[in-house]
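Note sheet for the following structure.
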Amino acid sequence: MATVAISSALAFVMLLVVGVYIVAGNLANGVGGGAKALAKGAVPAAYSDLVQKWGNLCPAISPALLAAQLYQESGFNPRAQSHAAAQGIAQFIPGTWATHGIDGDGDGDRDVWDPKDAIPSAASYDCELASYVKKVGGNLTENMLAAYNAGAYAVIKYRGVPPYSETRNYVKRITTLSESFAAPVGRVDPSEQAAGAIEYAQKKLGTPYLWGGTGTPEQGGRFDCSGLTQAAYETVGIKLPRVANDQYNAGPHPARDELLPGDLVFFSDDLTNSRAIRHVGIYVGGGYMIDAPRTGAVIRFDPIDTPDYFGATRVTEDGAKALPTTV
């Protein structure tokens, strides 16, 4: 009976996988896109209101773009400090902070370690850079980001994003990453790689769970939850980060009633903070996922509609590439 049940389940999955391609064709000209509003829980609750408020400071930025910059710089860690002496959640170097830091909370001081000062200062600095390059023409947000990376003079000189690979990569990385912090305003396009990721995961059904497992021969081909999702997407050419809470930022976030097979689904004990995510699976349709649940269990089908369901990500190749290597 168990064999019959598994076979039926796999047949059901394959029908859903075929459905991914059908939907992909139907949505080929659909609307993706970002929004002024932040995706649920994408920014830790302690900073969400600050990012939402200051992310609308000027037309060149948005809450999602500001969130992407903070995530890229520090992973929302207000005590972060780099080897280059960059400090705080927005990673200001002392010289830049001395010139551009503002008293965001009006308490009489400018504290680079205080997100209530640092986040407003990051937004203010972005807008100041945008004012320097606003007459250049073209995309103001891209020009602002280029000025952040290469300096306003370079943007003015080249009348747009300068031809420096580092700068162009930075602009693309932040604008792409911002999509994972925005609440979508329309249907999110399906991933072409989703079917391949599901196919890989379903071949691992019944494999014992291993904490820290990434499927290596030394580990007996076993996985933990994020090891499985990482391996599944790697087979279709998408390199995801190792841990679940970073995988959440690998693309935009469809609503529960818009899930498609191949979407990553996430679970957390804190539904206000994506950095607290502790589990991930691959959605297969019908309210079920394939996941590696815990020690003592095997890779299996599990329902997703539980009290700790956090949300979902539709993985994109560009989204995965935009993620910082360390946060």
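A few points about this structure:
- Scope the range 223-242; condition of a type in the set (K, R) and in contact (Cβ under 8 Å) with a residue 40 or more places away in the chain; matching residues: K239
- Filter pass, G88 being in contact with a Pro (Cβ under 7 Å, 6 or more places away or on another chain) and modelled with pLDDT of 95 or more: yes
- Within the range 216-231, considering residues that are outside any helix (DSSP H, G or I) and among the small types (G, A, S), the one farthest from G262 (Cα to Cα): G220
- Any hit, the range 20-35, residues being open to solvent by less than 20 Å² (accessible area, probe 1.4 Å) and modelled with pLDDT under 95: yes
- Looking only at residues of the range 113-151 that are out of contact with any Leu (no Cβ under 7 Å at 6 or more places or on another chain) and over 29 Å from R168 (Cβ atoms), we find that the one that is most open to solvent (accessible area, probe 1.4 Å) is W113.
- None of T325, T316 is surrounded by fewer than 19 Cβ atoms within 10 Å (Cβ to Cβ) and hydroxyl-bearing (S, T, Y) except T325.
- Output for the range 196-213, where each listed residue is within 23 Å of the chain's Cα centre (by Cα) and under 20 Å from V315 (Cβ atoms): G196, A197, I198, Y200, A201
- Residue within the range 102-109 that is touching a Ser or Thr at 6+ places or on another chain (Cβ under 8 Å) and either under 19 Å from A45 (Cβ atoms) or surrounded by fewer than 23 Cβ atoms within 10 Å (Cβ to Cβ) (or both) present: yes
- Candidates are the residues of the range 174-199 that are in contact with a Leu (Cβ under 9 Å, 6 or more places away or on another chain) and surrounded by fewer than 20 Cβ atoms within 10 Å (Cβ to Cβ); the one that is nearest to L323 (Cα to Cα) is T175.
- For the range 205-215, the criterion of being of a type in the set (A, V, I, L, M, F, W, C), under 16 Å from V280 (Cα atoms) and touching a His at 6+ places or on another chain (Cβ under 6 Å) is satisfied by no residue at all.
The values are calculated or read from the model by the stated rules, or taken from the named source; none is laboratory data. Note that this is a predicted model, so its numbers are computed, not measured. Using ideal geometry, Cβ is built from the backbone for each residue, glycine included, and neighbour counts are taken over all protein chains shown. These area figures cover heavy atoms from the full protein model, side chains too; ligands, DNA and RNA do not enter into them. Shrake-Rupley method; radii C 1.70, N 1.55, O 1.52, S 1.80 Å.
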